[in-house]
């Protein structure tokens, strides 16, 4: 499936959204508050999910051990998508990003916050999050499921679905149609390239739309 991930990475989120919407999948975009930590980086690949909740009964050791279990147990080569069910703390930091990068994790998307951002930017690990905060998980949070369906905004995300995130935002592709959607997106991008050249050469916008059916 690496080939599909690489092909998806060469696409862009807006085109994928258009293809999904034409197929009847109109609710596949994550909230626009979830943005790339580094807007020049994109993330693409097969999804594996994480969910958790606030728990202030746990000790420092218990919270850190449980987070280490998450980093150990998630499969390599995936895009991790986390629903922490809190916006009060960071669910990604430098050492965690290093550990995931060693596992060839393709990127990390969280409906929450991140910290150690200078270090993460320096290492080039793709992270999409809502905001940044120094606050960590210690004595505050634990995971409750790995690999189960989660919801971010109004989008339900399952392990095995596919994801593309770029400067425009993050779109989720249901696994049942991933191959077809990527192929259709590649074709759409080819048509858009032809239309772009035509417009740059002076074609009238209305005529261009009628010829290519895009805008």
Inset, instruction - Output yes when any residue across region 32-44 is within 17 Å of residue 176 (Cα to Cα) and assigned by TED's automatic domain parsing to the domain that holds residue 131, and no when none is. - result: yes
Inset, instruction - Report the residue count in region 44-62 for those that are crowded, with 21+ Cβ neighbours inside 10 Å and touching a helix residue (DSSP H, G or I) at 6+ places or on another chain (Cβ under 9 Å). - result: 6
Inset, instruction - Examine region 51-61 for a residue that is without any contact (Cβ under 8 Å) to a residue 24 or more places away in the chain, in the same structural domain as residue 158 (by TED's automatic domain parsing) and more than 16 Å from residue 103 (Cα to Cα), and state whether such a residue exists. - result: yes
Inset, instruction - Would you check if there is a residue in region 25-43 being exposed (fewer than 14 other Cβ atoms within 10 Å of the Cβ) and in contact with a helix residue (DSSP H, G or I) (Cβ under 8 Å, 6 or more places away or on another chain)? - result: yes
Legend entry - Filter result for the condition that a residue is out of contact with any helix residue (DSSP H, G or I) (no Cβ under 9 Å at 6 or more places or on another chain) and at pLDDT 95 or above, over 161, 166, 148, 204: 148
Inset, instruction - Would you mind finding the one in 161, 168, 116 that is in contact with a strand residue (DSSP E or B) (Cβ under 7 Å, 6 or more places away or on another chain) and surrounded by 16 or more Cβ atoms within 10 Å (Cβ to Cβ)? - result: 161
Inset, instruction - Being within 22 Å of residue 87 (Cβ to Cβ), more than 17 Å from the chain's Cα centre (by Cα) and modelled with pLDDT of 95 or more narrows it down to one of 57, 49, so name that one. - result: 57
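The values are calculated or read from the model by the stated rules, or taken from the named source; none is laboratory data. The shown structure was predicted, so the numbers you read here are calculated from the model rather than taken from an experiment. Cβ sites come from the backbone with ideal geometry, for glycine too, and all protein chains shown count toward neighbours.
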